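The values are calculated or read from the model by the stated rules, or taken from the named source; none is laboratory data. Everything quoted here is computed from the prediction, not taken from an experiment. Don't worry about glycine lacking a Cβ; one is built from the backbone with ideal geometry, like all the others, and counts go over all protein chains shown. To get the accessible areas, we keep the full protein, side chains included, count just its heavy atoms, and leave off ligands, DNA and RNA. Shrake-Rupley method; radii C 1.70, N 1.55, O 1.52, S 1.80 Å.
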Amino acid sequence: MKGMLKAEWFKFTHSYYLLIIIGVLSACSGVSIFTGSYNSAEAALTSLAKDSMVPILSCGIYSAIIVTDDFSNGMLRRYISNGYTRTAIICAKFLHYIGGCTLLLLFYPMISTLAAAIVQGVETSYLKVLQALLISFIKPLPLYLGIFSFFFLFSVLLEKGVIAMGTSIASAIIIVVFTNKFYENAAGILKYSPVIQINEIAGGRITEAYHISIFLSLALLAACVSASIVKFRHKEL
């Protein structure tokens with residue numbers, strides 16, 4: 001396992017995919033900042049925190065890129081021939097993926113909010129903005145993890161980069177758009193959805209549903225990682 005972690009760390013530090021994704025997202029939000037769509041850094045942060053589609057879609061694409069790449073370039077066969085277990089390979093690759101997603105959740109809103117603070121100014125103080133940034137990163141993180149693991153499972157199942165990316169994009173749209181649409185018409189059990197709770201906590205509302213949603217998200221994470229391991233252990237390379 002240690003050797004696989006080192007291999008994935010090397011790939012992570014020598015890959016530019018995550019930097020490109022964060023750069024593109026920051027540039028897009030920069031357009032809104034410089035055109036005056038946000039009147040302060042706080043307004044920018046609130047808007048970014050409520051928009052779950054962007055990080056979900058981005059991490060779906062990121063999964064398709066970094067997970068399926070080793071299926072096509074023969075690297076997985078090389079790992080196995082070098083004595084690494086399939087479970088260790090999947091676990092290391094998942095940690096690589098989820099670590100990248102976590103950094104995206106942190107740096108995308110941070111770069112955008114700080115840019116808004118410089119251009120539009122702040123309503124309170126820079127210290128309070130930084131505190132709000134940290135809180136807006138920590139609170140929704142466990143809710144995102146389950147969704148991200150769902151895309152990881154897709155990539156392991158589908159193996160082909162283009163197919164996995166297309167499926168992830170379509171799934172991200174369905175997860176976010178349809179969940180929010182159905183929630184508007186009939187809340188019910190959907191209030192426990194991580195997507196709904198991401199929007200709720202961005203608006204400053206934390207209820208019992210938030211804690212239940214965290215449990216469901218982490219349960220989904222465990223299920224997706226387990227299913228990925230089972231699938232890969234029975235996969236012929």
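Contact annotation: no residue pair with Cβ atoms under 8 Å, 6 or more positions apart or on different chains, pairs a residue in the stretch 1-25 that is without any contact (Cβ under 8 Å) to a residue 40 or more places away in the chain and among the hydroxyl-bearing types (Ser, Thr, Tyr) with a partner that is part of a helix (DSSP H, G or I) and surrounded by fewer than 14 Cβ atoms within 10 Å (Cβ to Cβ).
For the stretch 178-189, the count of residues that are modelled with pLDDT of 85 or more and either open to solvent by 60 Å² or more (accessible area, probe 1.4 Å) or not aromatic (Phe, Trp, Tyr) (or both) is zero. Here Glu123 does not fit the description of being on the phi > 0 side of the Ramachandran plot, charged (D, E, K, R) and at pLDDT below 90. Summed over the stretch 113-135, the residues that are without any contact (Cβ under 8 Å) to a residue 12 or more places away in the chain and not in a helix (DSSP H, G or I) give a count of 1. Of the residues making up the stretch 212-221, at least one is surrounded by 13 or more Cβ atoms within 10 Å (Cβ to Cβ), over 18 Å from the mean Cα position of the chain (by Cα) and in a helix (DSSP H, G or I).
Would the stretch 102-112 turn up any residue that is in contact with an Asp or Glu (Cβ under 9 Å, 6 or more places away or on another chain), modelled with pLDDT of 85 or more and open to solvent by less than 60 Å² (accessible area, probe 1.4 Å)? The answer is no, given that none of the residues of the stretch 102-112 is in contact with an Asp or Glu (Cβ under 9 Å, 6 or more places away or on another chain), modelled with pLDDT of 85 or more and open to solvent by less than 60 Å² (accessible area, probe 1.4 Å). Candidates are the residues of the stretch 137-158 that are open to solvent by 40 Å² or more (accessible area, probe 1.4 Å) and in contact (Cβ under 8 Å) with a residue 40 or more places away in the chain; the one that is farthest from Val67 (Cα to Cα) is Lys139. Among the residues of the stretch 90-103, are any under 24 Å from Ile198 (Cβ atoms) and in contact with a Cys (Cβ under 6 Å, 6 or more places away or on another chain)? Within the stretch 90-103, one or more residues are under 24 Å from Ile198 (Cβ atoms) and in contact with a Cys (Cβ under 6 Å, 6 or more places away or on another chain). Filtered by the rule that a residue be at pLDDT below 85 and assigned to a helix (DSSP H, G or I), the stretch 1-27 gives Lys2, Gly3, Met4, Leu5, Lys6, Ala7, Glu8, Trp9, Phe10, Lys11, Phe12, Thr13. If the condition is being closer than 26 Å to Gly204 by Cβ, in contact with a Cys (Cβ under 9 Å, 6 or more places away or on another chain) and surrounded by 20 or more Cβ atoms within 10 Å (Cβ to Cβ), then the stretch 27-85 contributes Pro55, Ser58, Cys59.
The sole residue among Ser52, Ser29, Ser81, Ser37 that is without any contact (Cβ under 8 Å) to a residue 60 or more places away in the chain and more than 30 Å from His234 (Cβ to Cβ) is Ser37.
The residues of the stretch 185-201 that are under 11 Å from Leu143 (Cβ atoms) and among the aliphatic types (A, V, I, L, M), listed by number, are Val195, Ile196, Ile198, Ile201. Scanning the stretch 178-185 finds one or more residues that are within 21 Å of the chain's Cα centre (by Cα), of a type outside the set (Ser, Thr, Tyr) and assigned to a helix (DSSP H, G or I).
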